[in-house]
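One structure below.
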Amino acid sequence: MDTDTAFLASNKEISSLGDVECVALAKAASADIARLEAVRFRAIARLGRHRGGASSVVQEVAFELSVVDTYAAVLVSTAEALTTRLPCTLGLMERGLLGGAGAAKVAAATAWLSDEDARTADALLEDRLAGRNTEQIRKAASHAASTVDRDGAKRRAEHNRAGRRLRVRQGESGVASIEVEDGPVEKVTAAYTRIDREARALKAGGETRTLDQLRADVAVDLLLGGQGGASERAEVFLYMDLATYLGLNEDPAELAGHGHIPASLAREIASGADTVLRRIITDPLSGQVLDLGRERYRPTAGVG
């Protein structure tokens with residue numbers, strides 16, 4: 001079905017479609033929705049200019065579109081970024097290649113850049129966003145932002161890590177939530193890995209609770225001084241080239257499950273007192289793992 005007629009399909013027409021045609025129609029509709037979202041972002045940005053950038057625009061958008069204030073704020077900030085700093089990303093939306101959620105990820109990941117650097121990152125991303133999910137878009141945009149302003153990425157990482165905090169949110173009917181916000185990524189990742197492994201070990205031992213329930217119970221048990229189940233060593237996987245490790249360049253490294261991080265932070269993690277390294281040799285062009293070393297060793301003092 002032609003993408004221009006996606007919104008014109010009637011229920012009767014849809015009921016006669018085969019599975020392949022249903023997928024094609026869903027994709028066509030998504031492309032049309034992306035184009036309409038681009039129109040909405042342009043309209044919101046224009047509204048902001050009419051109002052002189054007044055903070056009340058968020059409340060106005062929230063009221064008129066029947067959305068909560070936090071989502072309205074995302075719409076307003078994304079609209080401003082797309083129409084001033086991210087023309088390539090907006091162009092992808094207008095071609096039906098990128099949805100509003102993905103565009104918001106790009107806007108958020110590049111918000112700390114100068115206008116000039118944001119446009120540079122935007123250009124780098126133009127051929128890297130179509131067909132990606134929002135998490136892939138977030139990682140790609142963060143990598144591009146860190147690439148164009150490596151010093152800024154280092155300062156931002158230091159600032160964000162200094163803002164770590166613990167929050168408790170009280171729920172209804174006897175439940176509550178506890179969250180570590182902006183904790184050091186290597187420690188949070190390692191903590192989740194341990195909790196997940198303990199939960200899976202309990203599940204394999206015959207537990208009837210779901211994995212989600214077990215993870216929550218193990219985490220609370222560990223916080224209260226318990227063992228949490230069968231103890232296992234937790235690992236995080238950090239990928240960076242030797243030159244970055246030795247401080248000869250500032251290429252971003254990658255922390256598995258999180259994405260790219262500044263070189264300085266990667267070296268800090270790699271040279272920690274409790275860090276154990278294992279050599280992994282990869283193809284420099286494809287990134288394919290060629291050899292996974294069996295031996296583990298601690299980093300030499302003074303490296304970093």
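Derivation of every value follows stated rules applied to the coordinates shown; laboratory data play no part. Just so it is clear, the structure is predicted and the values come from calculations on it, not from any experiment. Please note: Cβ atoms are built from the backbone with ideal geometry, for glycine as well, and neighbour counts cover all protein chains shown.
For the pair Lys187 and Val276, label points projected 7 Å from Cα toward Cβ lie 2.1 nm apart. Peptides 20-27, 38-45, 110-117 ranked from most to least packed give 38-45, 110-117, 20-27, packing being the mean of other C-beta atoms within 10 angstrom over each peptide's residues. With neighbour counts taken as other beta-carbon atoms within 10 Å, the residues Ser30, Ser16, Ser264, Ser173 rank, fewest first, as Ser173, Ser16, Ser30, Ser264.
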